[in-house]
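One structure is given below, encoded as structure tokens.
The values are calculated or read from the model by the stated rules, or taken from the named source; none is laboratory data. Note that the structure is a prediction, hence the values are computed from the model and not measured. With ideal geometry, Cβ positions are generated from the backbone for all residues, glycine too; neighbour counts draw on all protein chains shown.
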Amino acid sequence: MGKNSSILPPEDYLEPQCVLCGAPYGAEEIKSIPQQRIAEKLDEYMSRRDYAGVERHLRYWLEEARLGRDQRGELMVLGELVGHYRKTHERDKAIVCEQDALRLLHELDYEDSMSAGTTYVNIATARNSFGDNDRALELFQKAKAIYEASPGTDPKLLGGLYNNMALTCAALGDYAQAMDLYDKAMEVMGKVPSGQLEQAVTCLNRANAIEARDGMEQGETAIFALLDQAEALFDDESLVRDGYYAYVCETCAPTFAYYGYFVTAEDLKERARIIYERA
């Protein structure tokens, strides 16, 4: 080509190509991670209480999502990691994931979406478990506004929100709001397949709130009625005895024991043990 040619050479108008995918730098193809398969494998690890496996699994897919520029996938994995670190009581790791998730919501312009609602609930539930109840309430209120504004919200999501938000309100001493939310949780989860487990959790949480508000002597009748109701819900034969059932049994057994329901507590722990050994 002549020195004075008006034709531009390719290097003057083509973006340099990424050596890995062949796309122009800054416009690499998004490679989505398999969210459904990730969730199914996560359930397998949880059914065996393999928490180390859970973390390895989620950390692997978090890196894959980042390498593939799949921000929606990254957001999903971060939410699961927040929940995992809540169960393993690792506050610092949970907060790092929280910050990354909130940053992604902003970058994706998802801050008023259903995905944001789910993210807020996951983070708020973790914050409540770590005792950060003011922060938890702030996030629950954001999720509540999103969920209640959409007529298509999955009732299971609403039930989980109401139940966990009620825990935070009770921890902050707002028992009237807590009881109202527990009422809503019971009603919503009554419409959900296998919602009996969440209803049982609600009964136990309400019993704890009544004791905190009224004291054991004054609240005894209502507390024992709620424990009996929760016990009956665990015994519902329509419930699938899977890893989640085992997890809830194991989680709730100490509350039954605290109130003197020792036989029920041991029975729930034995149910969980059998399920975990079978997995």
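Scanning the stretch 31-46 for residues that are buried (at least 18 other Cβ atoms within 10 Å of the Cβ) and within 27 Å of residue 269 (Cβ to Cβ) gives 42, 45, 46. Taking the criterion of being surrounded by fewer than 19 Cβ atoms within 10 Å (Cβ to Cβ) and either among the aromatic types (Phe, Trp, Tyr) or at pLDDT below 95 (or both), the only residue of the stretch 116-142 that qualifies is 130.
Residue 74 falls short on exactly one of the conditions (1) among the charged types (D, E, K, R); (2) within 17 Å of residue 178 (Cα to Cα); (3) surrounded by 19 or more Cβ atoms within 10 Å (Cβ to Cβ), and that condition is (2). Can you say whether residue 168 is of a type in the set (Ser, Thr, Tyr), surrounded by fewer than 22 Cβ atoms within 10 Å (Cβ to Cβ) and under 18 Å from the mean Cα position of the chain (by Cα), as far as the supplied structure shows? No. Does the stretch 234-251 hold any residues that are under 15 Å from residue 194 (Cβ atoms) and part of a helix (DSSP H, G or I), and which are they? Residues satisfying the conditions are 234, 243, 244, 245, 246, 247, 248, 249.
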